[in-house]
1. Given the options S116, S105, name the one that is touching a Lys or Arg at 6+ places or on another chain (Cβ under 7 Å) and not basic (K, R).
2. Given the residues G339, G291, G343, which is the only one that is within 28 Å of C129 (Cα to Cα), of a type outside the set (D, E) and modelled with pLDDT under 95?
3. Could you figure out which of (1) surrounded by 15 or more Cβ atoms within 10 Å (Cβ to Cβ); (2) free of Cβ contacts under 8 Å to residues at least 12 places away in the same chain isn't true of V108?
4. Of all residues in the range 90-109, which are farther than 19 Å from G317 by Cα and either within 16 Å of the chain's Cα centre (by Cα) or part of a loop (DSSP other than H, G, I, E, B) (or both)?
5. Which of the residues belonging to the range 110-160 are polar (S, T, N, Q) and assigned to a helix (DSSP H, G or I)?
6. Yes or no: the range 76-85 includes at least one residue that is over 18 Å from the mean Cα position of the chain (by Cα) and either modelled with pLDDT under 95 or more than 15 Å from T5 (Cα to Cα) (or both).
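The values are calculated or read from the model by the stated rules, or taken from the named source; none is laboratory data. As the structure is a computational prediction, the values presented were derived from the model and not from experiment. Virtual Cβ from ideal backbone geometry, glycine too; neighbours counted across all protein chains shown.
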Amino acid sequence: MTDVTFVAPFFAETTLRFISALADLPEVRTSVVSQDPVDRMPDGLRRRLSAHIRIADGLDSRAIADAVAGLRARGQAVDHLLGTFEELQVPLGRVRDRLGIPGMSAEVAENFRDKSRMKEVLRRHGLPCARHRLATSESDAGVFAGEVGYPLIAKPPAGSGARGTYRISSGVELANLLTRIPPSPERPLLLEEFVAGEEHSFDSMSLGGTLVWSSINHYFPSALDVVREPWIQWCVLLPRESDHPSYRGIQAAAQPALTALGMDRGLSHMEWFRRNDGTVAISEVGARPPGARFMNLISWAHDFDLFAAWAEAMVFGRFEPRARPYAAGAAYLRAQGSGTIRGVEGLAAVARDLGDLVVESRLPRPGQRTSGTYEGDGWVIVRHPDTDVVKEALWALVTRLRVQLA
């Protein structure tokens, strides 16, 4: 019997799918550590767990370590300590280091979590990424802006999901930002050159440090553009054709980048740009599965359950690579403004026209508060063997559906 402990600060829907996938594995005993009470978990899943320990802070490495010690005192070995939340990877590494649990160390996790450190590692290994500077003063920021010019990107070193990220187009905008968020040695600001081009993700599985499978997504438009322009409806497309010449740059860079950063086992999420001249720039890499419903989207395109495949890879070190028989895409439905949602306009006509192309959806509900994020207030996933058919379906979704506010 293998003992697996999954750490989940909160029981979000996607988090519960990861836990369920672990609980479904044969000869595996699954326990959960969280700051959410166990009664927020569905009864069926709760009964399949060996234990649940509640802690005050799901990101606190000391609290997690105490919970693991408590499980071991009950006779559970805790052979694997897992979690999928971005901000959780370094705390998990600290606990593994402290308690001798196999898996990613805190040192390696920092390579992925600290975006400035990440880029230093990539540049040291001759890998393509945007020029950057970790500014600890207004002077640092000004010098970097003088070196690379505008526009440039400003973000926290340990950010994720485009949160707290700004596009700076002039010296005035930079000065305004530095007034609001003055950088210091204690709270530095990561500045990057702005990379013009197409934004993508490269989601992959590594086993024993070797990349064994990957999936490439297209962002329409970039996540940062969606954050800056609240009227934009974001789309993500997985074209069926995974061997297009435009992907050769990232396919050549991905394995060396993951090796340099220390990726050994698991899913990673790499965001990258294809510049207008065809060259590649790696933006960020997360040592964890992708968010924003990408796990669902990839599962539909590759026609298998990526949650279950992740669980088997993490516990048993097994993964069966899958081809991509379908193109798939997700349209993220977003209200124009903030407030309470009244409904979705155009739904009946779009549902009639798209028919069986829609394989999964969660529509904004009346009375729901707007999220204010680029992921929007609901989503629709479509798939078809023909990439152009999926593109047309995504266009219909984002141009014909309107989330109405009360």
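1. S105
2. From the options G339, G291, G343, the qualifying one is G291.
3. (2)
4. V90, A109
5. Listed by number, the residues that qualify are N111, S116, S139.
6. For the range 76-85, residues over 18 Å from the mean Cα position of the chain (by Cα) and either modelled with pLDDT under 95 or more than 15 Å from T5 (Cα to Cα) (or both): present.
Let's see how each residue does on (1) over 15 Å from S283 (Cα atoms); (2) modelled with pLDDT of 90 or more; (3) hydrophobic (A, V, I, L, M, F, W, C):
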| site | (1), (2), (3) |
| --- | --- |
| V90 | yes, yes, yes |
| R123 | no, yes, no |
| C129 | no, no, yes |
| S137 | yes, no, no |
| E147 | yes, no, no |
| R167 | no, no, no |
| R187 | yes, no, no |
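Matching residues to (1) modelled with pLDDT of 95 or more; (2) in the same structural domain as G286 (by TED's automatic domain parsing); (3) of a type in the set (G, A, S):
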residue: G208; (1), (2), (3): yes, yes, yes
residue: F220; (1), (2), (3): no, yes, no
residue: I232; (1), (2), (3): no, yes, no
residue: L237; (1), (2), (3): yes, yes, no
residue: E241; (1), (2), (3): no, yes, no
residue: R265; (1), (2), (3): yes, yes, no
